[in-house]
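Asks: Here it is: the structure, laid out below.
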Amino acid sequence: MFYVILNYGDIQWTTGAASDGDAETGLGGTPAHVGFNSGDDTNFYNIPGSQTDAIINITTTSNVKVLGRWVVRVDDFQVTGVDTPQPNQDNGCWL
């Protein structure tokens with residue numbers, strides 16, 4: 001079995017200047033596209049919030065119950081434990 005593990009820690013910007021983002025803040029424009037793509041036009045997964053302003057909160061989301069971590073099985077393409085993130089009413093974080 002082969003896996004790709006994506007770990008997201010301290011995210012402070014979502015967009016580079018090439019994507020029309022603010023060069024000072026790293027916000028605005030077209031936000032980052034986050035996920036996995038095998039390059040075969042069939043096996044890919046976009047993490048919920050990808051290419052939206054919500055991607056700044058990727059550190060509070062997961063498919064393996066470790067905040068900021070996403071795991072994709074790539075030998076037999078699978079993304080397990082995926083739910084659409086919902087805002088946590090207590091603190092505004094995405095879970």
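The values are calculated or read from the model by the stated rules, or taken from the named source; none is laboratory data. Just so you know, these numbers come straight off a predicted model, no measurement behind them. Virtual Cβ from ideal backbone geometry, glycine too; neighbours counted across all protein chains shown. Surface areas here come from the heavy atoms of the whole protein model, side chains and all, with no ligands, DNA or RNA. Shrake-Rupley method; radii C 1.70, N 1.55, O 1.52, S 1.80 Å.
Asks: I need the full set of residues from region 65-95 which are within 18 Å of I11 (Cβ to Cβ), modelled with pLDDT of 90 or more and in a loop (DSSP other than H, G, I, E, B), in order please.
Replies: Those that are within 18 Å of I11 (Cβ to Cβ), modelled with pLDDT of 90 or more and in a loop (DSSP other than H, G, I, E, B): V66, L67, G68.
Asks: Return the residue satisfying two criteria in turn: it lies in region 11-29 and is assigned to a loop (DSSP other than H, G, I, E, B) and over 23 Å from R69 (Cα atoms), and of such residues it is most open to solvent (accessible area, probe 1.4 Å).
Replies: Among them, the one singled out is E24.
Asks: Let me ask something additional. In the set T14, T30, which member is farther than 25 Å from R73 by Cα and in contact with a Leu (Cβ under 7 Å, 6 or more places away or on another chain)?
Replies: Only one candidate passes the filter, namely T14.
Asks: Restricting to region 39-56, name every residue that is closer than 16 Å to R73 by Cα and either open to solvent by less than 60 Å² (accessible area, probe 1.4 Å) or of a type in the set (K, R) (or both).
Replies: Filtering region 39-56 for residues closer than 16 Å to R73 by Cα gives 39-40, 42-47.
Answer for region 39-56, where residues must be closer than 16 Å to R73 by Cα and either open to solvent by less than 60 Å² (accessible area, probe 1.4 Å) or of a type in the set (K, R) (or both): N43, Y45, I47.
Asks: Go through region 48-62 and report how many residues are part of a loop (DSSP other than H, G, I, E, B) and either in contact (Cβ under 8 Å) with a residue 24 or more places away in the chain or closer than 12 Å to V4 by Cβ (or both).
Replies: 3
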